[in-house]
Amino acid sequence: MPVITTVLIANRGEIAVRVIRTAKAMGLRTVAVYSDADQGALHVREADAAVPIGPSAVADSYLNQDVMLAAASKAGADAIHPGYGFLSENQAFALGCEAAGMVFIGPPNAAIDVMGDKARAKRTMLAAGVPCVPGYQGDDQTMATLTAEAEQMGMPVMVKAAAGGGGRGMRLVEDSERLQEAIELAQSEALNAFGSAELIIEKAIIRPRHVEIQVFADSHGNVVHLGERDCSVQRRHQKVIEESPCPTMTPTLRQAMGAAAIEAARAVDYMGAGTVEFLLDEAGDFYFLEMNTRLQVEHPVTELVTGFDLVEWQLRVARGEPLPVTQAQVALKGHAIEVRLYAEDPSAEFLPCTGPIRLFHCPDREGVRVDTGVASGDEVSPFYDAMVAKIIGYGDSREDARLRLMAALRESALLGVSNNRDFLIDALAVPQFIAGQATTAFIAEHYGDSFERGELAEHFFVAAAIIRHQLSQAECHGRSLGVSEELLGWASARDMVVSSSFAMDEHSHAVRLIAESASTFSVDVNNESHTGVVNSLHATTAMLTIDGIDRTYQFYNESPATLHLASADRCTVLIDTKRLPPKMLDAAGSGSVVAPMHGQLLSIAVSEGQSVAKGERLAVLEAMKMQHELNAAVNGTVSRIYATAGNQLAAGDRILNIEPSDESL
């Protein structure tokens, strides 16, 4: 049996932290790796030792096999845990670990090889009798063959990268006229993400459930499944909400899907943790989608309903131990729901966001688990995935889990970067989700491309005015000599009045604060009167009573003009335009197309002097491992191009300028 004493975690973020904590609990020594962008990150701080692996770009660090193996050798590691993503499903890396005499905590090379290629995996599953979606998974990758096969199936079809996953290199095509463009984009995205442009094409199953089975196998021939996870709530083919068990699962269907998943694992002589993903249609028929030969992001929901630590199982199986239970001993108890907290802007088509995390807080509540790789003061980098944390609610029933999760989200705050906290709270409260009827069409049907939160409640403006005033008073008091706290807020001539003008949702909100005492205030918001009392105020938390209602606010005061503020209602940023430096008030020029986020400009589809129509593709920007099309907002003529394809852009960098035509004015 292999001896494992020191584990290098070939990953970053929350999964690295997750693996480190279990490995430490088992008495193992842990080694983290970090790129330039991750120096001092939470996973580095948690590990027993850490080794730098190079520049921030993934190709030069987390995807560089030679550098990773050299780091493991330098640290004296005898095993490598790849986490998920990056090198976790890379056969060459697994072979490299074996050649270096290190245990790869994952499945055999042959299983990675077969299941890492969607085309080969599907052919193998068909041979094993596992139900599969009708489609094309052949070697001929010419445009003529791909389009012909798709046309023969009939629209709609799914165009998918044969290698990799995570929604990259995947396009739903509903119109034959968009087929060739979708294939070209999928090929480009797949080549950039996985180094292979090979595609498969499948008949699209409309409004299915995405249900996956967790399997585990050891080196003694034992294979079990640990029930299912429903991962139907997705956006751009990336999971957002996951739960276990599936709300519509029956014992008969679970037995059938579990048996199919075990057959899939046996067909490739599997070992370790794996997930067999299926599409479940409205008639109750299921089809093999793919197998992920690694731990899944959403594994915590399975851990909560089974009581098993899957990372511990991985480590024990890797050192030759048999599975600790038989299939008959596996039982699902209770219900768990997980949400993925992303740094993204839901109001701008959920575009990923980057920047410093001013404040990150999640509550320590019964029935709530938080897996994260960041803390206050860290930064969301443009080089990696935008997920900040996974928050999981658990209870005896699905409704218990849902309510606990919503309560935890309301008490959470992620300040400094735009994020989807409020969207997640809203999604969990949609009647269709409450009823357990969400399918893969859930987000598109209920929200479209964006999530609009509506007008900000006036109590936020009241709270902002009071918090900023109190902070200002505390700062002045700290600089003064011998001034009694009883005199704070007092003026000899008349009431002290503080005026602000908060910009929000393209509107300006006039706020006028009068301090009636050191802790009691009268606040007018757009000429509406409110009263506010400070019950307590600490470094990042304020408890206020506004118009007779007690509320807790979490905040970060970034500057005299900018306050980040969160309550159970909402996370927001309030900017007082009266305190902005004059240069910040300059308006942007009309017709300017800028980068909405940090990323690499992959291509520019237009040239100077070219006429463009509203909605026409102008450029493609890659950020957070996804490709984003930038389209014209008006009809007009490209008057100037500022950027160069292939270069990295910062958020706000100009790409090109369009001179609007007369009909656009």
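Any read-out appearing in this document is the output of simple, stated calculations on the displayed coordinates, not a laboratory observation. Computed from a predicted model, the values in this text were never measured in an experiment. Using ideal geometry, Cβ is built from the backbone for each residue, glycine included, and neighbour counts are taken over all protein chains shown.
Each residue of the range 357-373 in turn: what ³J(HN,Hα) in whole Hz from Karplus with 6.51, -1.76, 1.60 and θ = phi - 60°, glycine and Pro shown as x?
8, 6, 8, 10, 9, 10, x, 9, 10, 5, x, 10, 10, 10, 10, 8, x
Show me, for the range 544-559, the HN-Hα J-couplings you get by feeding each phi into the Karplus relation (A = 6.51, B = -1.76, C = 1.60, θ = phi - 60°), rounded to Hz, glycine and proline as x.
Running phi through 6.51 cos²θ - 1.76 cosθ + 1.60 with θ = phi - 60° gives 10, 10, 10, 6, x, 10, 7, 9, 10, 10, 10, 8, 9, 8, 6, 7 Hz.
Skipping prolines and chain starts, which residues have an amide H placed within reach, meaning under 5 Å, of the one on Ile658, given they are 5 or more residues away or on another chain?
For Ile658, the qualifying residues are Ser592, Val593, Ser639.
Starting from the amide H of Ser232, placed 1.01 Å from N in the peptide plane, find each other amide H under 5 Å away whose residue is 5 or more places distant or on another chain.
Result for Ser232 returns His210.
Which of the GluC sites (Glu not before Pro) across the range 134-199 are loop residues per DSSP, with 15 or fewer other Cβ within 10 Å?
Here the sparse-neighbourhood loop sites are Glu174.
Using just the helices of the chain, give the 222 nm mean residue ellipticity in deg cm²/dmol: DSSP H runs with n ≥ 4 each add -39,500 (n - 2.57), and the total is spread over all residues, rounded to 500.
Roughly -7500 deg cm²/dmol at 222 nm, from the helical runs in the chain.
Skipping prolines and chain starts, which residues have an amide H placed within reach, meaning under 5 Å, of the one on Glu290, given they are 5 or more residues away or on another chain?
For Glu290, the qualifying residues are Glu277.
Just to confirm the filter: which trypsin sites (Lys or Arg not before Pro) across the range 325-379 are DSSP coil and have at most 14 other Cβ within 10 angstrom of their Cβ?
Loop-located and lightly packed - Lys333, Arg365.
Would you mind getting me the FRET efficiency between Ile514 and Arg654? Use the beta-carbon distance for r and R0 = 56 Å, nearest 0.05.
0.80
Taking 0.36 nm per intervening residue step and subtracting the Cα-Cα distance, what contour gain separates His220 from Thr541 on full extension?
Stretched fully, the His220-Thr541 segment lengthens by 110.2 nm.
Work out the FRET efficiency for Cys476 and Arg45 from their Cβ-Cβ distance, taking R0 = 60 Å, and round it to the nearest 0.05.
Using R0 = 60 Å, I get an efficiency of 0.95.
Distance from a point 7 Å along Cα→Cβ of Ser639 to each backbone N in the range 605-621: keep the residues under 13 Å and list them by number.
609, by backbone N distance to the label point.
How many angstrom lie between the Cα centre of the range 388-405 and the Cα centre of the range 271-334?
19
On a 32 Å Cα-Cα criterion, which of the cross-link pairs Lys24/Lys333; Lys24/Lys239; Lys118/Lys614; Lys122/Lys239; Lys390/Lys578; Lys118/Lys390 come out too long?
Lys118/Lys614; Lys390/Lys578
In nanometres, what is the gap between the two model label sites at Thr252 and Glu349, each 7 Å from Cα along Cα-to-Cβ?
Between Thr252 and Glu349, the label points sit 4.5 nm apart.
In sequence order, what are the phi-derived ³J(HN,Hα) couplings for the range 261-269 according to the Karplus relation 6.51 cos²θ - 1.76 cosθ + 1.60 with θ = phi - 60°, rounded to whole Hz, with x for glycine and proline?
3J(HN,Hα) across the range 261-269, in whole Hz: 5, 5, 4, 4, 5, 5, 5, 10, 6.
Dipole size in debye (nearest 20) for the chain around its Cα centre, Lys and Arg Cβ +1, Asp and Glu Cβ -1?
1240
Do any GluC sites (Glu not before Pro) in the range 267-322 lie in a loop, going by DSSP, with at most 13 other beta-carbon atoms within 10 Å of their beta carbon, and if so which?
Taking the range 267-322 and a limit of 13 other Cβ atoms within 10 Å, the loop GluC sites (Glu not before Pro) found are Glu282.
Between the range 533-547 and the range 212-237, what is the separation of their alpha carbon centroids in Å?
46
For the chain, take the longest principal axis of its alpha carbons; what is the angle in degrees between that and the long axis of helix 118-128, to the nearest 10 within 0 to 90?
Helix 118-128 sits at roughly 50 degrees to that axis.
Can you compute the FRET efficiency between Thr147 and Ala283 using 1/(1 + (r/R0)^6), with r the Cβ-Cβ distance and R0 = 45 Å? Round to the nearest 0.05.
My answer for the efficiency is 0.95.
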